[in-house]
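A quick write-up on the structure given underneath.
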Amino acid sequence: MIYFNNVTKTYNTDQKAIDDVNLVIKAGEFISVVGHSGAGKTTLVKMIVAEDTPTDGTVFFESQNIHKLNSGDLTKLRRRIGVVFQDFKLLNNKTAYENIAFAMEAVGKTNEEISTDVPHVLELVDLSEKIFSFPHQLSGGEKQRLAIARAIINQPELIIADEPTGNLDPVNAHDIIQILKKINDLGTTIILTTHNRGVVESIGKRVITMEKGKVIRDDKDGKYII
Amino acid sequence: MILLKRVIKAGFLNFKRNGLVSWAAILIVTITLSVLTSILLLQTVLHSSLDQIKNKVDVTIYFNVGADEDKILSLKESLEKLPEVAEVAYVSDAEALALFRERHKNDYPTIQALDEIGSNPLGGYLNVKAKEISQYESIANFMKSDNALVLGSASIIDKVNYYQNKSVIDRLTNIISGAQKLGFLITLVLVFLSIIITFNTIRLTIFISKEEIGIMRLVGASKLRIRGAFMIEGAIYGIFATFLTLLLFWPVTAWFGRNMTLFLGINMYEYYISNIFQIAIIILLVGVLLGTISSFMAIRKYLNK
């Protein structure tokens, strides 16, 4: 599904954020990318949604070279990917309902579909009572569940979760991982970056370990080993 | 269609929820539109003052005493046919005498001298008004050269006062064209400055939303969808600012109408009220265009990803 071919990313300081990474991610996998802060995890996932471009090498989503897509095609690609971030990236002047509705409008869903699906997905992440709350009225865990609801609403083929538990207490972190596992069980590919050992070990699936921009381990039923 | 509806709705919602930022932008657009309205009104004052000055300028053709009235009238007709001529007024010798007597009715020696002469010493005259002040010269030239039009008219003309007034008319022409040029230049500079200030303010309001724009792109919203909402918001600034400006100028022009009509030579309030529809259309168009185009340009930078 996703192919990293000799990908290198260098910033102005000559320091390599990603150093010659080769990686294949198959459809339906649940991949945890682990490593210390600054290991290159976030840069790696940002490449997939073209938020960042490689200095060298190519990244393919199926047969499409992500960084060669024009603006329209990139928009279409992004509609196939759901994203969840540590800092939630919610639209602050929209309610919980509108945040999700916006993602549905973006892919051209009808008003009827929106009014049926949004309450349903909010119920899935246990936010039914917060439907008209703005992000600043939600707790960290609630914000992250809202972000997940937005990420899954259009049934994407891939969900990228960049440190989704980074700002959460263990109970909320556990909830989030359980939701992601359920989504993966339904067939959606998940790429999760984290430096939370407990989270990785509770998942028990493929683990890619990064250090100084390089992939140093790639274990099928991995554990967090650094 | 559904996209358009959603874009418009999002624009209104953003406007409502941005609260203070929206009102700050409206305030700036209102200032710009106020500058524009002031310029519109000042131009009117300038034009009406210039018109009044222009109206005071004319060329008079004096005829010999006892000149044939038919010839005078046929000269009048041929003058009226000239495209440069706005109006020709004929004052006959009898009327000229009556006017003279009226003007000097308190000047006893003059009236007495006139009575002693017995006959009318004054000839009739034609008062010619040109459409443009710069056209007097060509009318005067016509009088000099084109006498063939009215056979023998040269013999009845005593004098044409254009040449006596020439230097005054020339100076006036220069002043008027200078005033118009200066007015245009000042207008241009003020409008340019206002547009820059408005553009920067709207850019600032969009800068505040740059993170949101990035998020919208990440969840797959098209550029049109994002840009459209901001453009609608810009248009709303323009609409509100138009209403505020129209409201603001109500008491301002009323004050000018009450206190400055004599000085300006025009009742600003009456002018404002009778032209309010046209003024509203002009500033509404400018306000809405300014808002939407500024938003369109300002958001471009953040839509690239």
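The values are calculated or read from the model by the stated rules, or taken from the named source; none is laboratory data. Keep in mind it's a predicted model, so treat the numbers as computed, not measured. Every residue, glycine as well, gets a Cβ built from its backbone with ideal geometry; the counts of neighbours run over all protein chains shown.
Overview of values
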{"read-out": "Any hit, region A:124-135, residues being outside any helix (DSSP H, G or I), modelled with pLDDT under 90 and small (Gly, Ala, Ser)", "value": "no"}
{"read-out": "Qualifying residue in region B:49-56 (condition: in contact (Cβ under 8 Å) with a residue 60 or more places away in the chain and among the acidic types (Asp, Glu))", "value": "no"}
{"read-out": "Failed criterion for A:Leu158 (all others in (1) farther than 21 Å from A:Ser202 by Cα; (2) modelled with pLDDT of 90 or more hold)", "value": "(1)"}
{"read-out": "Matching residues in region A:39-64 - criterion: being more than 14 Å from every other protein chain (Cβ to nearest Cβ) and among the β-branched types (Val, Ile, Thr)", "value": "A:Thr43, A:Thr55, A:Thr58, A:Val59"}
{"read-out": "Scope region A:41-78; condition farther than 17 Å from A:Tyr3 by Cβ and small (Gly, Ala, Ser); matching residues", "value": "A:Ser71, A:Gly72"}
{"read-out": "Selected residue (criterion: surrounded by the most Cβ atoms within 10 Å (Cβ to Cβ)) from residues of region A:1-29 that are assigned to a strand (DSSP E or B) and among the aromatic types (Phe, Trp, Tyr)", "value": "A:Phe4"}
{"read-out": "Some residue of region B:20-38 being part of a helix (DSSP H, G or I), touching a Ser or Thr at 6+ places or on another chain (Cβ under 7 Å) and within 14 Å of chain A (Cβ to nearest Cβ)", "value": "yes"}
{"read-out": "Among the candidates B:Ile111, B:Ile61, B:Ile72, residue that is more than 30 Å from B:Thr242 (Cβ to Cβ), in a strand (DSSP E or B), away from chain A (no Cβ under 14 Å) and modelled with pLDDT under 85", "value": "B:Ile61"}
{"read-out": "Enumeration of residues in region B:75-98 that are free of Cβ contacts under 8 Å to residues at least 12 places away in the same chain, within 37 Å of the chain's Cα centre (by Cα) and assigned to a helix (DSSP H, G or I)", "value": "B:Glu77, B:Glu80"}
{"read-out": "Yes/no for A:Glu112 being free of Cβ contacts under 8 Å to residues at least 12 places away in the same chain and within 12 Å of chain B (Cβ to nearest Cβ)", "value": "yes"}
{"read-out": "Pairs, first over 16 Å from A:Ile160 (Cα atoms) in region A:190-218, second polar (S, T, N, Q), C-beta under 7 Å, six or more apart", "value": "A:Asn196/A:Thr165; A:Ile216/A:Thr209; A:Arg217/A:Thr209"}
{"read-out": "Filter result (touching a residue at least 40 places away in the same chain (Cβ under 8 Å) and either not aromatic (Phe, Trp, Tyr) or not assigned by TED's automatic domain parsing to the domain that holds B:Met231 (or both)) within region B:194-206", "value": "B:Ser194, B:Ile195, B:Ile197, B:Thr198, B:Thr201, B:Ile202, B:Arg203, B:Thr205, B:Ile206"}
{"read-out": "Some residue of region B:98-117 being under 18 Å from B:Ala140 (Cα atoms) and among the charged types (D, E, K, R)", "value": "no"}
{"read-out": "Residue in region B:210-231 that is surrounded by the fewest Cβ atoms within 10 Å (Cβ to Cβ), counting only those that are of a type outside the set (A, V, I, L, M) and touching a residue at least 24 places away in the same chain (Cβ under 8 Å)", "value": "B:Lys210"}
{"read-out": "Hey, A:Gly141 in a loop (DSSP other than H, G, I, E, B) and modelled with pLDDT under 85 or not", "value": "no"}
{"read-out": "Test result for B:Leu204, surrounded by 12 or more Cβ atoms within 10 Å (Cβ to Cβ) and away from chain A (no Cβ under 14 Å)", "value": "yes"}
{"read-out": "Pair list, Cβ under 6 Å, 6 or more apart: region B:1-12 residue at the interface with another protein chain (Cβ under 10 Å from one of its Cβ atoms), other residue surrounded by 13 or more Cβ atoms within 10 Å (Cβ to Cβ) and of a type in the set (D, E, K, R)", "value": "B:Arg6/A:Glu105"}
{"read-out": "Neighbours by Cβ (under 7 Å, 6+ apart or cross-chain): first from region A:76-103, more than 9 Å from chain B (Cβ to nearest Cβ) and over 25 Å from A:Thr193 (Cα atoms); second in a loop (DSSP other than H, G, I, E, B) and of a type in the set (A, V, I, L, M, F, W, C)", "value": "A:Thr95/A:Phe132; A:Thr95/A:Phe134; A:Tyr97/A:Ile131; A:Tyr97/A:Phe132"}
